[in-house]
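Asks: Here it is, the structure in full.
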Amino acid sequence: MGPPASLPLPKLRSGAFKRLAPAVALALAAAACGSGPAPTTYDLSAPRAGARFGGAVSGQVVVSEPTAIQTLEAEKIIAKDQAGAVSFLGGGQWADRLPRLIQARLIETFENSSKLKAVSRPGERVTPDYLLNTEIRAFQISSATGEAVVELSGRLVQDRTGRIVAGRVFSAREPVAKVDAASAAQALDAALSRVLLEMVRWVGSGR
């Protein structure tokens, strides 16, 4: 009896390699594109100290997500120069889209003020008396002045009639140590805390 016939292994391996080669090349290309360091993620905080106030919120208030121009809609941390040109600070980003993050921290500030039962967000199956609509007018580092600039406008709208019953613009500035992502996030968080406290007190004082 002669020796057993050998399997055509080299041919199978060659075919497998031909099938795998494009996938390997694609994986290596993806790895090369994503080899840079991931940006540091920064959160915003809801103030506790000074959040409590006297009186009571008159009626149920629903806090809507703030509106903003497209530049402020994303997770980017931005700076503006004296001419108004916008640049994104590399190496850092917000933990969520800026409007959604500010909405969450505004509601949390109301919770810290012990007014949880009177405040909710859209979609929670409540019948509101008022809608708190806000707009992010500014949320950036001013490279010309070395400050973090935060400005929000607030409008209280009667839900039943759609009538605006009160409106106000809230703003704060904080010095920034240097124009980088870490310093910018810290200064913007401090400025936002002041704005959120003022807004919660405004609603809680009966407007």
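The values are calculated or read from the model by the stated rules, or taken from the named source; none is laboratory data. Being a predicted model, the structure only gives us computed values, none of them experimental. Cβ placement follows ideal geometry from the backbone for every residue including glycine, while neighbour counts extend to all protein chains displayed.
Asks: Taking A56, is it outside any loop (DSSP other than H, G, I, E, B), at pLDDT below 70 and either out of contact with any Asp or Glu (no Cβ under 6 Å at 6 or more places or on another chain) or among the aliphatic types (A, V, I, L, M) (or both)?
Replies: Values: outside any loop (DSSP other than H, G, I, E, B): no; at pLDDT below 70: yes; either out of contact with any Asp or Glu (no Cβ under 6 Å at 6 or more places or on another chain) or among the aliphatic types (A, V, I, L, M) (or both): yes.
Taking the combined requirement at face value, the residue does not satisfy it.
Asks: Okay, next question. Which one of R173, R163 is modelled with pLDDT of 90 or more and either among the polar types (S, T, N, Q) or within 20 Å of the chain's Cα centre (by Cα) (or both)? Even if it seems obvious, please write down each step before you answer.
Replies: Details: R163 fails: either among the polar types (S, T, N, Q) or within 20 Å of the chain's Cα centre (by Cα) (or both).
Checking each option against the conditions leaves just R173.
Asks: Would a scan of the stretch 140-154 turn up a residue that is surrounded by 16 or more Cβ atoms within 10 Å (Cβ to Cβ), within 16 Å of V61 (Cα to Cα) and not hydroxyl-bearing (S, T, Y)?
Replies: Yes, the conditions are met somewhere in the stretch 140-154.
Asks: Under the condition of being touching a residue at least 40 places away in the same chain (Cβ under 8 Å) and among the acidic types (D, E), which residue from the stretch 179-207 is farthest from L89 (Cα to Cα)?
Replies: The selected residue is D189.
Asks: Considering (1) of a type outside the set (F, W, Y); (2) crowded, with 21+ Cβ neighbours inside 10 Å; (3) in contact with a Lys or Arg (Cβ under 7 Å, 6 or more places away or on another chain), say which one N133 fails and leave the rest.
Replies: (2)
Asks: Moving to a separate point now. Restricting the search to the stretch 155-178, which residues are surrounded by 15 or more Cβ atoms within 10 Å (Cβ to Cβ), closer than 30 Å to L89 by Cβ and among the hydrophobic types (A, V, I, L, M, F, W, C)?
Replies: Selection gives F170, A172, V176.
Asks: Can you tell me which residues in the stretch 103-144 are in a helix (DSSP H, G or I), out of contact with any helix residue (DSSP H, G or I) (no Cβ under 6 Å at 6 or more places or on another chain) and either polar (S, T, N, Q) or farther than 19 Å from R194 by Cβ (or both)?
Replies: Q103, N112, L116, K117, A118
Asks: Being of a type outside the set (V, I, T), closer than 18 Å to F110 by Cα and outside any strand (DSSP E or B) is the filter here, so list the residues in the stretch 164-196 that pass it.
Replies: Matches in the stretch 164-196: D189, A190, A191, L192, S193, R194, L196.
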